[in-house]
Amino acid sequence: MEALLSGLRAAGEPTRLRLLALCAHGELSVSELTQILGQSQPRVSRHLKLLVEAGLLTRFREGSLVFYRIAEGSQSAHLARTLVDLLPDSDTELTRDLARLDKIRQKRAELAENYFQENAADWNKIRALHVPEDEVEAKLKEMVGPERIPAYLDIGTGTGRLLELFAPQIDRGVGLDLSSEMLAIARTQLEKSEYRHIQIRKGDMYNMPIDDSSINLATLHLVLHYSLEPAAVISEAARTLGDKGRLVIVDFAPHQEEHLRTEHKHQRLGFSDREIEQAMEQAGLIPGATESLVGDPLTVKLWQGIRS
């Protein structure tokens with residue numbers, strides 16, 4: 001009862017209702033919310049603080065920016081969603097807010113697209129060296145299977161492509177990446193599809209802001225070769241897996257393309273089956289099925305480990 005009353009008190013103010021409505025549409029920074037509402041940053045921050053304290057919004061930091069989104073997985077979160085659903089679509093002020101939100105998203109999309117275009121040539125060079133991505137995605141989907149996934153983690157999510165791929169079969173998804181530019185691209189892509197059950201977070205794959213035993217499926221998709229300590233990354237991923245949770249790694253078999261090290265910052269020129277299996281066993285995972293997609297000159301491998 002007290003949590004419900006606290007949430008109602010926090011939401012019972014026009015500006016805070018507007019903030020709830022906006023944050024239900026995605027993750028927004030304080031400066032973006034300030035632009036949309038046309039109010040001072042201290043005033044907006046004060047309203048946000050009350051909503052977070054009441055459990056209606058979630059606050060998280062991404063580098064120098066702080067983002068807010070509607071809360072999930074609690075009674076207060078259910079109240080927040082219910083209040084947003086009760087807001088009338090015809091409200092003039094809310095309509096103006098959403099129109100300004102669209103402009104904010106368009107600006108984000110332009111910045112993300114500019115970054116993507118500037119770096120697309122490098123990504124395309126690497127793609128040309130291995131089998132088409134749709135074949136890799138199809139094999140990955142086959143390995144994961146059609147079962148419902150309560151909690152999914154994509155480590156080094158990049159553009160968020162795997163989050164999009166698995167969005168229809170997951171209840172909750174989190175994508176982590178250290179690159180603010182890549183996070184902007186991922187956030188823009190996911191917002192286009194209105195995937196509100198997926199979050200994007202800035203995080204280090206060696207020390208992830210994810211609870212122990214909270215994930216059912218984790219993926220490392222063409223990420224491990226950037227690591228100086230692949231076994232440490234696998235161990236950290238294994239930490240997040242619950243009972244029967246799975247880690248699927250997609251990366252390259254051993255190769256001799258030395259230019260990938262010098263031109264594209266690859267730390268490792270592929271991995272052998274034995275190396276990945278040993279790292280999984282040391283992390284407490286049982287190595288499972290492996291798959292190979294032979295390319296020229298790069299062969300893509302898929303490895304699976306299961307938490308016993």
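Read the figures in this text as sums done on the coordinates, not as results from a lab. Bear in mind the structure is a predicted one, so any value in this text is a computation, not a measurement. Methodologically, a virtual Cβ is constructed for each residue, glycine included, from the backbone with ideal geometry; neighbour enumeration extends over all protein chains shown.
Annotations
- Cβ-Cβ FRET estimate between Arg261 and Ala232, R0 fixed at 22 Å, reported to 0.05: 0.65
- Comparing Cα centroids, region 146-203 and region 206-225 end up 12 angstrom apart.
- Label-to-label distance, Ser74 versus Glu181, with points set 7 angstrom from Cα along the beta-carbon direction: 3.7 nm.
- Cα-Cα over 30 Å, subset of Lys103/Lys265; Lys49/Lys141; Lys202/Lys244: Lys103/Lys265; Lys49/Lys141
- Each residue, Arg46 and Ser213, gets one label point 7 Å from its Cα in the Cβ direction; the gap between the two is 4.4 nm.
- Considering only Cα atoms, the convex hull volume of region 205-308 works out to 84 Å³ per residue.
- Rounded to the nearest 5, the antiparallel percentage of DSSP beta bridges internal to region 129-307 is 40%.
- Residue order, fewest to most beta carbons within 10 Å, for Glu181, Glu194: Glu194, Glu181
- Shape class for region 1-48, computed from the alpha carbon gyration tensor (a ≥ b ≥ c): prolate, with a/c not under 1.5 and a/b above b/c.
- Listed residues His255, Leu87, Thr159: farthest to the positive end of the dipole of the chain (Cβ charges): Leu87
- Two-decimal log10 I(q)/I(0) for the chain, as the Debye equation yields it once each C-alpha is a single scatterer, q = 0.07, 0.11, 0.14, 0.16 Å⁻¹: -0.31, -0.73, -1.07, -1.29
- Positive-pole candidate from Ile276, Gly145, Ile185, dipole of the chain, charges at beta carbon: Ile185
- Percentage of interatomic Cα-Cα distances in region 130-206 larger than 16 Å: 49
- Close amide H pairs (under 5 Å, H built 1.01 Å from N) link His221 with Ile155, Val250, residues at least 5 positions away or on another chain.
- In the chain, the DSSP-assigned H stretches of four residues or longer account for a calculated mean residue ellipticity at 222 nm of -15000 deg cm²/dmol, using -39500 (n - 2.57) per stretch and the full residue count as denominator.
- Cα gyration tensor shape for region 2-102, rounded if a/c is under 1.5, else prolate or oblate: oblate
- Net charge of Cβ neighbours under 13 Å - reference Trp303; Lys, Arg +1; Asp, Glu -1: -2
- For region 132-276, projected area of the alpha-carbon convex hull averaged over all directions, nm²: 8.7
- Look at Leu163, Leu37, Leu178 and count the other Cβ atoms within 10 Å of each Cβ; fewest to most, that gives Leu178, Leu37, Leu163.
- Computed from label points 7 Å out along Cα-Cβ, the spacing between Leu4 and Asp89 is 2.9 nm.
- Charged-residue dipole, Cβ positions (Lys, Arg, Asp, Glu), the chain about Cα centre, Debye nearest 20: 1080
- Leading residue at positive end of dipole, the chain (Cβ point charges), from Gly305, Phe67, Met208: Phe67
- Couplings for region 301-308, taken from phi via the Karplus curve 6.51 cos²θ - 1.76 cosθ + 1.60 with θ = phi - 60°, read 10, 10, 10, 10, x, 10, 6, 6 Hz in order; Gly and Pro are left as x.
- Taking the centroid of alpha carbons for each part, region 43-57 and region 235-306 are 42 Å apart.
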